[in-house]
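**Q** Submitted below is the structure of interest, expressed as structure tokens.
The values are calculated or read from the model by the stated rules, or taken from the named source; none is laboratory data. Predicted, not measured: the structure shown is a model, and the values here were computed from it. Neighbour counts run over all protein chains shown; Cβ positions are idealised from the backbone, glycine included.
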Amino acid sequence: MTGQENRLTGTITFNTEGTAEMPDIDHGQIHRWVCEVAASYGRRVGDINYVFVDDERILEVNRQFLGHDYYTDIITFDYSQGRVVSGDLYISLDTVRSNAEQLDAAYEQELHRVIIHGVLHLCGINDKGPGEREVMEAAEDKALALLQLTMDN
């Protein structure tokens, strides 16, 4: 495979900052899933960098770059160009864990939801305006069902 052909598949990296530990996820499976979800929206994956952090780091990023003074599960920095999705996705594992507990959901399921939530933002789906949250939740559910299919096969 040439370098150019490899670039067509996109580069997805997984990193940690601060005290966060790398979650136990199958990086190859996540890469394939993210590419498949992006393709379902007519997009191609460029460079996506997942950064797993703790609550204190996500709060710091939220304050510094967005001027928000609250914790959140994910912050998506969108560097997409045209149909190629790229970005830095900061995910607070602390908030993912507490959200899973509040929703009585499995931690792994909630982590997958947040992982794909950022990609859906990169694909152009928003969740702040009227009716947008429902569209985002439906897109998350559809993507999670796709992941489950790939895990079962």
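**Q** Taking Gly87, is it out of contact with any His (no Cβ under 9 Å at 6 or more places or on another chain) and either within 14 Å of Val51 (Cβ to Cβ) or at pLDDT below 95 (or both)?
**A** No; evaluated as a whole, the condition is false for this residue.
**Q** Among the numbered conditions (1) modelled with pLDDT under 95; (2) closer than 20 Å to Gln109 by Cα; (3) β-branched (Val, Ile, Thr), tell me where Val37 comes up short.
**A** Going through the list (1) modelled with pLDDT under 95; (2) closer than 20 Å to Gln109 by Cα; (3) β-branched (Val, Ile, Thr), Val37 breaks only (1).
**Q** Would you mind telling me which numbered condition in (1) within 19 Å of Thr16 (Cβ to Cβ); (2) modelled with pLDDT under 95 Asp127 fails?
**A** Of everything listed in (1) within 19 Å of Thr16 (Cβ to Cβ); (2) modelled with pLDDT under 95, Asp127 misses just condition (1).
**Q** Now, a different point. Say we look at the range 13-34 and pick out the residues that are acidic (Asp, Glu) and closer than 20 Å to Thr76 by Cα; which of these is modelled with the highest pLDDT?
**A** It comes out as Glu17.
**Q** Now for a separate question. Among helices (runs of 4 or more DSSP H) lying entirely in the range 41-153, which contain 3 or more residues that are touching a residue at least 60 places away in the same chain (Cβ under 8 Å) and either in contact with a Cys (Cβ under 7 Å, 6 or more places away or on another chain) or crowded, with 16+ Cβ neighbours inside 10 Å (or both)?
**A** Helices (runs of 4 or more DSSP H) meeting the threshold: 107-122.
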